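The values are calculated or read from the model by the stated rules, or taken from the named source; none is laboratory data. These numbers come from a predicted model, not from an experiment. Heads up, the Cβs are rebuilt from the backbone with ideal geometry, glycines too, and the neighbour counts pull from every protein chain shown. Just so you know, the surface numbers come from the protein's heavy atoms only, side chains and all, with ligands and any DNA or RNA stripped out. Shrake-Rupley method; radii C 1.70, N 1.55, O 1.52, S 1.80 Å.
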Amino acid sequence: MISILRYLASRNDRLLHGALALGSGLALWALRTPGLDSILLAAITILFVLAPLLIVIRILVRMILAWKRRPDTPRVFEGASTWGLFFCVTVGLVALAFYQLPFKAALALSRPSLERFAKASTPGQRSSGPCWVGLFSFSYIVHEGDRLQLTFGKSEIPWGKHGLYYSLSGNPVESSHYYSQESLGGGWHQWHYGGW
């Protein structure tokens, strides 16, 4: 018990740095596709719940040890620069998510692969199961009529699907399946099916 209290009061921030790296990495990976999923929920839990909880516990333990006049107890707010780094990174990740920058970056990097895939597909093609194209994993691909529809392998919690489609004519495709859609240029569109 004493060793746990000493660790909680210590200047050792390796656990916080590890949480910051893991949470940021998971968040960036999850944000490369639209929607909320278990990976993004894990990142949110690490960055917004577990790490702040550890910081609050560290402050409280230091206050108690300082009140009991224990020797070698760090100052209550010592290491605040690391805590500020958490705040800056989480605000940055929220801004990236709001402007969909990880998705836009993944789309830009994957565009050549998507273009090659669209040119190689044939009408009537249907496939299910994981299929990687660029940085995206698709669970279902169908080429029918004037479009090639790609459904992301990531389902949005609690419902819904997201994906891309390529319109051979370049025009948006009218479909009741698309709750909303947005043009990405070059005949590519992003779509969302709300599940209702």
- Length gained, LEU109-ARG14, 0.36 nm per residue minus C-alpha separation, equals 30.9 nm
- Quick one: helix 51-67 against the long Cα principal axis of the chain, what's the angle to the nearest 10°, folded into 0 to 90? 0 degrees
- Item | Hull shadow area, averaged, the stretch 17-76 [alpha-carbon convex hull, nm²] | 4.5 nm²
- Please arrange TRP67, TRP29, TRP83 by accessible surface area, largest first, computed with a 1.4 Å probe and ligands excluded. TRP67, TRP29, TRP83
- Message: At a threshold of 8 angstrom on Cα-Cα distance, excluding pairs fewer than six apart, so keeping six or more, what relative contact order does the stretch 12-93 reach in percent?
- Response: 34 percent
- Message: Restricting to DSSP loop positions (anything but H, G, I, E, B) with no more than 16 other Cβ atoms inside 10 Å of their own Cβ, which GluC sites (Glu not before Pro) remain in the stretch 136-175?
- Response: GLU174
- Query: For the chain, with only Lys/Arg (+1) and Asp/Glu (-1) charged at the beta-carbon, what is the dipole magnitude about the Cα centre, in debye rounded to 20?
  - Reply: 1000 debye
- Counting lysine pairs in the chain that sit 8 or more positions apart or on different chains, with Cα atoms under 27 Å apart, gives 5
- Task: Compute the separation of the alpha-carbon centres of the stretch 13-44 and the stretch 130-184 and state it in Å as a whole number.
- Result: 25 Å
- If you project the alpha carbons of the stretch 1-150 onto the principal axes, what extent comes out on each, in Å, largest first? 77, 27, 18
- Task: Restrict the search to the stretch 30-102; then list the trypsin sites (Lys or Arg not before Pro) that DSSP places in a loop and that have at most 12 other Cβ atoms within 10 Å of their Cβ.
- Result: LYS68, ARG69, ARG75
- Task: Quick one: order TYR178, TYR99, TYR166, TYR140 from most to least accessible surface, probe 1.4 Å.
- Result: TYR99, TYR140, TYR166, TYR178
- Message: Probe of 1.4 angstrom, ligands and nucleic acids ignored: what's the accessible area per residue over the stretch 74-143, in square angstrom?
- Response: 58 Å²
- Give me the percent of the accessible area of the stretch 1-105 that comes from carbon and sulfur atoms, probe 1.4 Å, all protein chains in place. 74 percent
- Note on the structure: If the chain between ILE4 and THR122 were fully extended at 0.36 nm per residue, the gain over the current Cα-Cα distance would be 36.3 nm
- Considering only protein heavy atoms, with the full assembly of protein chains and a 1.4 angstrom probe, order CYS88, CYS131 by accessible area, largest first. CYS88, CYS131
- How high is the relative contact order of the stretch 46-196, in percent, with contacts defined as C-alpha pairs under 8 Å that are six or more residues apart? 12 percent
- In whole Å, what are the Cα extents of the stretch 83-184 along the three principal axes, biggest one first? 54, 28, 27
